[in-house]
Amino acid sequence: MAEFLSLKEAVSRYISNGDTVCMEGFTHLIPFAAGHEIIRQEKRDLTLIRMTPDLVYDQMIGAGCARKLIFSWGGNPGVGSLHRLRDAVEKGWPNKLEILEHSHAAMACAYEAGAAGLPLAVLRGYVGSDLPKVNDQIKFIECPFTGERLAAVPSVRPDVAVIHAQRADRKGNVLIEGIIGIQKEVVLAAKRSIVTVEEVVDDLGASVNACVLPSWAVTAIAEAPKGASPSYALGYYDRDNVFYKEWDGIARDRDTFQNWLKDNVFEKGAA
Amino acid sequence: MAEFLSLKEAVSRYISNGDTVCMEGFTHLIPFAAGHEIIRQEKRDLTLIRMTPDLVYDQMIGAGCARKLIFSWGGNPGVGSLHRLRDAVEKGWPNKLEILEHSHAAMACAYEAGAAGLPLAVLRGYVGSDLPKVNDQIKFIECPFTGERLAAVPSVRPDVAVIHAQRADRKGNVLIEGIIGIQKEVVLAAKRSIVTVEEVVDDLGASVNACVLPSWAVTAIAEAPKGASPSYALGYYDRDNVFYKEWDGIARDRDTFQNWLKDNVFEKGAA
Amino acid sequence: MSLEFTASEMMSVTAARALTSDMTCFVGIGLPSEAANLARLTHAPDVTLIYESGTLQTKPDVLPLSIGDGELCESALTTVGVPEMFRYWLQGGHISVGFLGTAQIDRYANLNTTLIGDYREPKVRLPGGGGAPEIATNAKEVFITVKHSRRTFVKDVDFVTTVGFGRDGKARDNVPNIGRGPTVVITDLCILKPDPDTKELVVTSLHPNVTREDVIDATGWEIRFADQLDTTQEPSAKELDILRDLKARTNAHHSGHQ
Amino acid sequence: MSLEFTASEMMSVTAARALTSDMTCFVGIGLPSEAANLARLTHAPDVTLIYESGTLQTKPDVLPLSIGDGELCESALTTVGVPEMFRYWLQGGHISVGFLGTAQIDRYANLNTTLIGDYREPKVRLPGGGGAPEIATNAKEVFITVKHSRRTFVKDVDFVTTVGFGRDGKARDNVPNIGRGPTVVITDLCILKPDPDTKELVVTSLHPNVTREDVIDATGWEIRFADQLDTTQEPSAKELDILRDLKARTNAHHSGHQ
């Protein structure tokens, strides 16, 4: 059964230096509060996996938490580059960052296969792309029935999954609604999981086929109101598009970034 | 976009002798009305696919519609055998029936792969089972990353999918709720699809992540109130368990069965 | 003073006791479903029951006739599609116990639900594998409950639908990512467990008033008994009350046309 | 009398006109999203728009800044998970048009959104492939919209993130289950289409007031012009009104802290 912990305690107990960590949320429900707590606890040498490493990973990379990044689209959506990510890749600041890149389809299938307990995902992918030339984890297999050549990628099975959701009930069952992305998959694929929620309620109010993670499939739950901001939580608050635009200026410069980090992360503790 | 047709017209136009037909519904929402229309139209030489061929296929097989059956569990749930299926397999009445059998996991994965446009499904399955000895469609592949031996089965990509759902809106979008089984997959995997619905409404009343088939993913919709009976439709009517028990007596004897068919299918036309 | 109970009741109560509140149980229809719900209504209120129809963490008030009765869905935490059920929840490693019935079982706990006789010329055609082949290998362990008879307990099953430990007891050796397999078989006569080395089923406990001879007569191979042979604890009044209520509710529910 | 409009507006209106109501369009963020929604608000009210975030048949009132804005979900027919989106809806063959932007495009319509320079020593690191590599092969055809410049229109892309017709124009030949690939490229200067035989991009229509020299100057290879070179129809007042309203609504929506 899921344990209810403070975010500080959950991160401290379940994320270790060197772990492979997936923080998911496809634009929606991005676990920013958890990312900030990881920064505050100065976790190091993490292999970070995420389809769309946006601001949350830019911040964690800039803060020195990451050793490697596996991703399929790394940008500030609708705005531009992730400057901290680029600085780490191009200049090795604050430390060298290794990258391994996929397409969305391959990563989605790799998460699906991870949740399904399989070692590989098979897809009709990467045809004609140069990505297999720079990612040695992409292989090709032949269908034993049709002879068709199909792409194969290793499944994602991280040490820790971190997601944000709308709410949990008091038994620890979690409801995710709206753009559900890859969140169910990453929690089921991971050895351990931390779910931050907007609130803990008596009754989830879930419809009959809702995306619900049962308590016994989750390791720890931490209440973190506005825990996805500046991303959004459907039914709770909207995306802070202005901050996404402002981030471009903050992240472009190392000093500005460090000041922002000090004021907005280090000097603000989680509950 | 889905066409609204009478059930008679939909079956006449989209199901031909010799087609591969999947009628799905995992206990819930079994498309009995459509099955009866297929019997009335005396379709022949069908390859019928269904995870759990229960009464609807027993009736169609007894009526002489089928040449081959692909399945993973063939019984009257909680009651016993399917006597018409057994009579066809064991005695060739009313015609010889070829069978090919899988496990549920393999068929579920084969439907999933069919919906995903893939030629094969890969699963950790059939370990130690004799089923691969009697089903030459079951093969084994080696994972290129781990070397693990995994089962592979061809995906299901039928000519026609037939399902029953709670309701459609006037544009032809379809809502399925409750035990959704494999219905979305079979419609997406098939070349053509017929969906019978309890009712056509102005507004589906679907929740944000509901199982909805868009109109453009469906070929034909036919209104068929109580079209799943003696199976059930969540929110509309319950399963007629007594009929399931009575079927054992009806189907046990060829004459009783033929009388039942005459009174309850042939002499009752669809709308 | 002893209570009166039938052999069937003894079997269901014993099977129910195998489950605990911390288990996640993938439930087969019929006897396993009866035992699993009895466990939930007695000593294991928090046991998680999952049916292959997609119903996660369900708490039916009456026993389902089919694996997908409306009752299962209406009382579930949520209901997922069948591919997700088999891929994410079973194959993904989230099931601690698969609870199965069978038509035939052999000394290595292999199960046959496919047919009696030869595959191409069956004497009796049975329903087939359903979910069992992968439940038996992907769940962390397997419980089996079945009535004891010579027709059912055979030396070698006619067809291995679902592997226990294979024809030689070694089918799970060196296979990666496979569960422990059958750890207990509960019948109306006794409890059997696989020998830790050979994997042959051994009687570890006789139900009250059952003799070794009863078991020998009902088993199609030379059945072994554990050195330390227990007597199964008989059902309590509470267990019997709850089981009988459950069955009465179930019969009433399934007896009228809807 | 001619209306006044910008080259950007000309591009968006022309791109929008490529879509019709019977299409199911997998929409990339940015220019494709603007064009697709303009089509929906003008001549193609029933065009089905799908975003990779899982939003099926969405009708946003303002343009999304990200691929997963709440607006997309709230106005969608339903929202599915990302694996389902890529597996069932895209790879499953339900998408008639993939509508993409790009950072670089070459004469065989290969797209580069990965980097400028060498992979290990990039001059500019771009966001990466995202959904494009499989959209380009699994959709039945692909539309591309991008601003025309020598930086963007290069003879050979530095990296083939997403295949058009490959380095030699033959990458789709004899490949099973692959879409037709790019059928039209719409820029702020012109419309280009692949030559039916060689697959090299050829200018088929110049936008009003654009000369051949303008296109030659903005293209990094010796661009060819079709024998029958059309002039693109200029935007109507209605198209411009609706586009400007849409952009004004969008800017207002994205300009305040939430």
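The table below lists the values:
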| quantity | calculated |
| --- | --- |
| Scattering profile of segment A:135-271 at q = 0.10, 0.12, 0.20 Å⁻¹ [log10 I(q)/I(0), Debye over alpha-carbon scatterers] | -0.51, -0.68, -1.15 |
| Given charges at Cβ of Lys, Arg, Asp, Glu: chain D dipole, positive-most of D:Met11, D:Gly92, D:Ala39 | D:Gly92 |
| Nearest-20 debye value, the protein assembly as shown charge dipole, Cβ charges on Lys, Arg, Asp, Glu | 1500 |
| Calculated FRET efficiency for the pair B:Ser12/A:Val134, C-beta based, R₀ 56 Å, to 0.05 | 0.55 |
| For residues of C:50-63, the mean tally of beta carbons on other chains within 10 Å | 3 |
| Charge dipole magnitude, Cβ of K and R +1, D and E -1 - segment C:99-182, Cα centre, debye nearest 20 | 240 |
| For segment B:180-251, alpha-carbon Rg and Dmax in angstrom | 14.7, 45 |
| A:Asn264/A:Glu199 FRET efficiency (R0 22 Å; Cβ-Cβ; nearest 0.05) | 0.45 |
| Peptide-level mean, for A:129-136, of C-beta atoms on other protein chains within 10 Å | 6 |
| For B:140-151, mean number of other protein chain Cβ atoms within 10 Å | 5 |
| Cα-Cα pairs of segment A:104-154 separated by more than 15 Å (percent) | 44 |
| Per principal axis, descending, Cα span of chain A in whole Å | 56, 48, 32 |
| Closest approach to the axis - chain D beta-carbon, rotation onto C, Å | D:Glu84, 5 |
| Pairs of Cα atoms farther than 31 Å apart, segment C:7-250, % | 20 |
| Selection from D:Leu229, D:Phe159, D:Gly101 lying farthest towards where the dipole of segment D:7-250 points positive, charges on Cβ | D:Phe159 |
| Alpha-carbon spread of segment D:127-232, three principal axes, descending order, Å | 41, 31, 21 |
| Exam field: A:Arg149 pseudo-label spacings to other copies (7 Å along Cα-Cβ), nanometres | 2.8 |
| Theoretical ellipticity at 222 nm over chain C - DSSP helices of four or more residues, -39500 (n - 2.57) apiece, nearest 500 | -6500 deg cm²/dmol |
| Net charge, D:Gln91 excluded, C-beta distance under 9 Å - Lys, Arg +1, Asp, Glu -1 | +1 |
| Ascending list, in nanometres, of distances separating the D:Lys238 label from those of the other copies (7 Å, Cα toward Cβ) | 7.6 |
| Where labels lie 7 Å past Cα in the beta-carbon direction, separation of D:Ala252 and D:Asp168 in nm | 5.6 |
| Per residue Cα convex hull volume in Å³ - calculated over the protein assembly as shown | 167 |
| Coil-residue chymotrypsin sites (Phe, Trp or Tyr not before Pro) of segment D:165-258, DSSP, other Cβ within 10 Å capped at 15 | D:Trp221 |
| Counted charge near A:Arg254, where neighbours are those whose Cβ lies closer than 14 Å (Asp, Glu -1; Lys, Arg +1) | 0 |
| Charge tally in the Cβ shell below 10 Å around D:Asp156, where Lys, Arg are +1 and Asp, Glu are -1, D:Asp156 excluded | +1 |
| For segment C:22-138, the spread of Cα positions along each principal axis, largest first, Å | 44, 28, 27 |
| Placed amide H near D:Thr232: partners under 5 Å, 5+ positions off or other chain | D:Leu206, D:His207 |
| Nearest-first distances (nm) between copies at B:Lys226, label 7 Å from Cα via Cβ | 5.7 |
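Where a number appears in this text, it was derived from the coordinates with a stated rule and is not lab data. Quick caveat, the model's predicted, so the values are computed rather than measured. Note that we place each Cβ from the backbone using ideal geometry, even for glycine, and neighbour counts take in every protein chain shown.
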